[in-house]
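Reading through the structure tokens given below for one structure.
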Amino acid sequence: MQKIGIPGSPEEAVAGRPRRTANTLFWAALIPTAATVGGFVSQYPYGMLWVGVLIVLAAAAAGPIVAGSVWQRAGAATLVGFAVFALGLFAGSNLNETYLKQLGESTGAVVVEAGERVNVKGDVRHFCRVLDDAGSRAELGDIQNCHGQFATGRRVVLFKDRLGGLDPWIEATDNRAADPVGLGITAGLYALTAATLLYAGQRRR
């Protein structure tokens, strides 16, 4: 004779655990991964900045809604919201640098002009106009590691995307070592977001 579980009974709770765990793992993987992807996409030119920002904003909204409204864990929802925003910010720059340094093509270049601009909001934006050894010109900004540290006439190295999607990354030397601090922060924020969602999902009310 088949035993039918009564709602709220221990049998029903045991039967629902695998589904709850799968649902929790889904959100714990989706939210930080979406924020990471959004941060990296925002590094691409031609308006992709806004696409990446929208992906990060969607992840930052979905995470707190799931943890706070659905799972009723307000503290976890707040922590996830802040962590997702920070993850999108750090992941973009660090993954961009790591990808171009590890897989990009390096070439010498000269800074033909360096300076800064002030936009209508009063924000300062640095720029570096460079001429590489092949005769190609490019204008780089803060996203490409031009923060005012390169003077006009300075000899630099550009790491170029072999696929041609990303703008070059500018460095003083041909050092391909990744930034351990930046990657550590990115990995830590990813783990924090995932772990918080895992906890909230398993402790949902």
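The values are calculated or read from the model by the stated rules, or taken from the named source; none is laboratory data. All of these numbers come straight from a predicted model, not from anything done at the bench. Reconstructed Cβ throughout: ideal geometry from the backbone, glycine too, with neighbour counts over all protein chains shown. These area figures cover heavy atoms from the full protein model, side chains too; ligands, DNA and RNA do not enter into them. Shrake-Rupley method; radii C 1.70, N 1.55, O 1.52, S 1.80 Å.
What the table below lists for this structure:
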item: Criterion (within 30 Å of S69 (Cα to Cα) and of a type in the set (V, I, T)) met by exactly one of T173, T186, T152, T98; result: T186
item: Pair list, Cβ < 9 Å and 6+ apart or interchain, from segment 70-86 residues that are under 13 Å from A28 (Cβ atoms) and β-branched (V, I, T) to residues that are open to solvent by 30 Å² or more (accessible area, probe 1.4 Å) and not in a helix (DSSP H, G or I); result: none
item: Criterion violated by A187 - all others in (1) touching a Lys or Arg at 6+ places or on another chain (Cβ under 9 Å); (2) surrounded by 13 or more Cβ atoms within 10 Å (Cβ to Cβ); (3) without any contact (Cβ under 8 Å) to a residue 40 or more places away in the chain satisfied; result: (1)
item: Count - residues of segment 40-98 that are open to solvent by less than 60 Å² (accessible area, probe 1.4 Å), under 30 Å from D174 (Cβ atoms), out of contact with any Leu (no Cβ under 7 Å at 6 or more places or on another chain) and of a type outside the set (A, V, I, L, M, F, W, C); result: 6
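The rows are residues; the columns are (1) in a loop (DSSP other than H, G, I, E, B); (2) of a type in the set (D, E, K, R); (3) touching a residue at least 24 places away in the same chain (Cβ under 8 Å).
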site	(1), (2), (3)
A114	no, no, yes
K121	yes, yes, no
H147	yes, no, no
V157	no, no, yes
L163	yes, no, no
I170	no, no, yes
R176	yes, yes, yes
